[in-house]
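Taking it in order: structure first as structure tokens, then the write-up.
The values are calculated or read from the model by the stated rules, or taken from the named source; none is laboratory data. All of these numbers come straight from a predicted model, not from anything done at the bench. Neighbour counts are summed over all protein chains in view; Cβ atoms, including those assigned to glycine, are modelled from backbone coordinates with ideal geometry. These area figures cover heavy atoms from the full protein model, side chains too; ligands, DNA and RNA do not enter into them. Shrake-Rupley method; radii C 1.70, N 1.55, O 1.52, S 1.80 Å.
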Amino acid sequence: LSCSAFNSFRFLIKGGLAGAAVYVAYDQGLLGSGIEGAEALKKAQETLPPAIQEWTNYLGWEVRAAQLPSTPKIDFSLSNSWNKGVHTVMSALSVAPTRACEYTAEGWKYVKDLVK
């Protein structure tokens, strides 16, 4: 394989993986509302440890429950975090024209003081 063919093949693989990741996220409800995302996270926390145990049994690895790390406890509301971020962005956008005028006036004053 030439270098350009290899790079093209690598790009196609990365694109396919990215597309698959977006599809899985959409299919599981992670791209929906905050409530749907929180439900999907809870479902993943419940199904991940049994799935790991099933795969280790399938591969013939002996894994004791004590060897597996416990599932991390996440105590935050995804919808509240999203709403807080939206409020912060909207607040910044609402004061942006006023701040731009203030900064412009300060900049002109600074330039005038330098010219004197």
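Values computed for the structure shown
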item	result
With every protein chain in place, the stretch 1-47: carbon and sulfur % of accessible area (1.4 Å)	68 percent
Shape of the stretch 1-47, Cα gyration tensor, a/c cut at 1.5	prolate
Where labels lie 7 Å past Cα in the beta-carbon direction, separation of Gln28 and Trp55 in nm	1.2 nm
Size of electric dipole in the stretch 1-47: Cβ of Lys, Arg +1 and of Asp, Glu -1, about Cα centre, debye, nearest 20	260 debye
Efficiency of FRET from Cβ geometry, Leu41 and His87, R₀ 30 Å, rounded to 0.05	0.85
Solvent-accessible heavy-atom area per residue, rounded to whole Å², over the stretch 1-47 at 1.4 Å	81 Å²
